[in-house]
Each structure stands twice: as C-alpha cells, then as structure tokens.
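Heads up: the structure comes next, in structure tokens.
The values are calculated or read from the model by the stated rules, or taken from the named source; none is laboratory data. Here the structure is a predicted model, which means the values were calculated and not measured. Cβ placement follows ideal geometry from the backbone for every residue including glycine, while neighbour counts extend to all protein chains displayed.
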Amino acid sequence: MTGLLSLAATGLLVALGAWIAAGLLFRAAGAALAVGGLLLTATSGSPSTAIAALVGAALWLAGHWIYATRHHYYRSPLARRVFLRALSGRLDPTRRWGVPNIPPEARRRAR
C-alpha cells in the first residue's frame, strides 16, 4: 500500500510540475529547435533538420496552448493568430470563456 501511495504522490508531483513549467519549457525549447533547424536547413539542406524545425514549431505551439489553457490568453500575437485563424476552432483553449481575460500588456496600454 505504501508503494502505491508513493507512486500516486510522485505522479501528482510530476503532473503539477508539468502544469506549471511545461508552457515555458515547451515554448523555449521549441523556439530554439525551430530556429536552429531553420538555420541548419538553410546551410546544409538536410531533410532531417527541416523535420527538426517542424517539430520545434509544433513544440512551440504546444507550449503556447498550455499557457493559454492556464491563463486564458495567448502570450504571443503570432500564436494567437495561428490558433484563431489557421487551426481548427476545437484546438483553441480560449474559446467559450464566460469572461474574456485581457493580457497584462493590453491593460497597461489602455490606461
């Protein structure tokens, strides 16, 4: 029983850590991988670096999706445009919120 409880507690801590840090981690790693893959694709022309750039872009979008799920707004205008215009409405984590959440920088500009 103690092993099962320890496993459940560890799973809960990993899930909590992923919820808190995954958005930032995915956005940073995805941006680095996408930019690095694009630069290496431009210099070497290797298809594997192009795939790395696409994986980096998907990771960056996943990080923005997690951030938007937690905070109810997008951290980047580019991510907002991709989620609202290019992708299906089902993938938008900010749809159907009862009260729209205004990003902090937009609140500062409005004052």
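Would it be correct to say that residue 23 is at pLDDT 90 or above, in a helix (DSSP H, G or I) and closer than 24 Å to residue 96 by Cβ? Judged against the criteria, residue 23 is not a match. When segment 1-46 is examined, which residues are found to be under 16 Å from the mean Cα position of the chain (by Cα) and not hydrophobic (A, V, I, L, M, F, W, C)? Scanning segment 1-46 gives 17, 23, 27, 30.
If the condition is being polar (S, T, N, Q) and touching a His at 6+ places or on another chain (Cβ under 8 Å), then segment 55-82 contributes only 76. Would a scan of segment 18-38 turn up a residue that is in contact with a Gly (Cβ under 6 Å, 6 or more places away or on another chain), among the hydrophobic types (A, V, I, L, M, F, W, C) and over 19 Å from residue 92 (Cβ atoms)? Yes. Quick one: which residue in 40, 33 is more than 19 Å from residue 79 (Cβ to Cβ), surrounded by 10 or more Cβ atoms within 10 Å (Cβ to Cβ) and in contact with a helix residue (DSSP H, G or I) (Cβ under 7 Å, 6 or more places away or on another chain)? Of the residues listed, the single one that is more than 19 Å from residue 79 (Cβ to Cβ), surrounded by 10 or more Cβ atoms within 10 Å (Cβ to Cβ) and in contact with a helix residue (DSSP H, G or I) (Cβ under 7 Å, 6 or more places away or on another chain) is 40.
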